[in-house]
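Asker: Input: one structure, supplied below.
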Amino acid sequence: MTTGDGPEGRPQGPGAERLIRHATLRQLQLLEAIVRLGSFTRAAEELYLTQPTVSMQIKKLADTLGTPLFNHVGRNVEPTEAGREVHAACRTILRTLSDLEVRLSDLAGLRRGHLRLGVISTAKYFVPEILGAFCERYPGIEVSLKVTNRNRILERMAAAEDDLYIFGDTYDIGIEVESIYLAPNPLVMVARRDYPLVGQRGISLVRIAAERFLMREPGSGIRDSVLRRFADAGIRPKVYMELGSNEAIKYAVYAGLGISALSLHSLTLDHGVGRLAMLDVEGFPVERSWYLVFPRGRDLSLVARTFISFAVEQGPAIRVLLDATLADLKAASGLVPEGCVSVPPSPPCSGHPA
Ligand code: PGA
């Protein structure tokens, strides 16, 4: 028996009773989010609470513990030394609860459970459809979907905030991962249909670098891919404007503000293709792929493993949709029948669901 244990080996450290009576798991979750995000406001947004609720709960927790937990530094907050200690304990407690959730939902089979997916912005064009079909097949499973740009998804993966991630390719992920091929993710160079370069064949990247280029925001995977494609040719595009989403880029291209590289997926759902044309540029389409990704060595829940198999089964349907979109673009671009690039074949995967 260790010091501080009760007669039956029950932990009874000083203060534990007080914490059990007065602190709540919600308060611990809030503290964890505030430390991670550096702000009460961002934590409130992430957890769908108001900022005053967050402040009140943290004040209650500080009162229970008898010590301040945060210092205000300008517009941000930093944990006090006590706050850092509580944060370390919170992470352990929340991780244990999340593992317990995984084990219990495995026990319940697929009748209930939770799937947390983090996907990069452009995946929003096809992931909801897969999720819709998945939720129909497994109605007891609750799904949360976080859609944000590549850099933010990398941060979420480092903090183990979700079960699975979807990336537009797997370069520079920074940690050891398993990646499972899902579908093609080609990047096409687009312009408005009346743009002077439309219909020309084999346009050089040097020529494109002289055009007004519309670029996604820093942190975007598409931005990184485009810059790498230009850098490989030893040139830089002339960035005329930076825009924070694929939709903003599309509308700016419609408006004749410039040209850009877009994921073919961003053109599948709407009628935008009719107003856009594909430019036949050397090195484009950039042939990339979507992957389901999770940190190597991580135990996946039954729900997550089932989702992987389910999503992979949808790959061929996604490809059919992309092929049809590419055919429309070709037709709009006067590049039919020759000189067009088709969606590349599936590459082998680097890992399999556990
Ligand atoms: P993004 O990534 O949405 O962060 O630009 C998309 C991609 O890499 O295909």
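Asker: Antiparallel DSSP bridges in the chain: what percent, to the nearest 5?
Answerer: Bridges in the chain are about 60 percent antiparallel.
Asker: Another question, if that's okay. Which residue fluctuates the most in the chain, going by a Gaussian network model with Cα springs under 10 Å, if the choices are Met189, Met157, Met241?
Answerer: Met241
Asker: List the relative contact order of region 187-287 as a percent without decimals, with contacts defined as Cα pairs under 8 Å and 6+ residues apart.
Answerer: Relative CO of region 187-287 lands at 52 percent.
Asker: Also, I was wondering about something else. With the cut-off at 28 Å, tell me which of the pairs Lys59/Lys124; Lys146/Lys238; Lys124/Lys330; Lys146/Lys330 have Cα atoms farther apart than that.
Answerer: The answer is Lys59/Lys124; Lys146/Lys238; Lys146/Lys330.
Asker: Rounded to two decimals, what is Rg over Rh for region 195-240 when you use alpha-carbon atoms and the Kirkwood radius?
Answerer: Rounded to two decimals, Rg/Rh equals 0.98.
Asker: Still on this structure, please answer the following. Using a Förster radius of 45 Å, what is the FRET efficiency between Arg193 and Lys146 based on their Cβ-Cβ separation? Nearest 0.05, please.
Answerer: About 0.80, to the nearest 0.05.
Asker: 222 nm [θ] for the chain, helices only, -39500 (n - 2.57) per DSSP H run of 4+, per residue, to 500?
Answerer: Only helices count here, giving -13000 deg cm²/dmol.
Asker: Now a separate question. Over the chain, what is the relative contact order in whole percent, taking alpha-carbon pairs under 8 Å and six or more residues apart?
Answerer: 19 percent
Asker: In cubic angstrom, how much convex hull volume per residue do the alpha carbon atoms of region 16-97 span?
Answerer: Looking at region 16-97, the number lands at 87 Å³ per residue.
Asker: Under 13 Å from the Cβ of Gly283, count the other residues' Cβ atoms, weight Lys and Arg +1, Asp and Glu -1, and hand me the total.
Answerer: 0
Asker: A further question follows. Based only on other Cβ atoms within 10 Å, what is the fewest-to-most ordering of Leu104, Leu131, Leu322?
Answerer: Leu104, Leu131, Leu322
Asker: Per-residue counts of other Cβ atoms within 10 Å, averaged by peptide: what ranking do you get for 24-35, 258-269, 81-92, highest first?
Answerer: The packing order, highest mean first, is 258-269, 24-35, 81-92.
Asker: Here is a further query. Longest span of the chain, sites excluded, free of chymotrypsin sites (Phe, Trp or Tyr not before Pro) in DSSP loop with at most 12 other C-beta atoms within 10 Å?
Answerer: 172-354
Asker: I'm a student and want to see the number: the projected area of the Cα convex hull of the chain, averaged over all directions, in nm².
Answerer: Mean projected area for the chain: 21.9 nm², to one decimal.
Asker: Pairs of alpha-carbon atoms within less than 8 angstrom and 6+ residues apart define the contacts here; what relative contact order does region 16-97 have, in percent?
Answerer: It comes to 32 percent, rounded to a whole number.
Just so you know, all these numbers are worked out from the coordinates, no wet-lab data involved. Predicted model, so just to flag it, every value in this text is computed and none were measured. Reconstructed Cβ throughout: ideal geometry from the backbone, glycine too, with neighbour counts over all protein chains shown.
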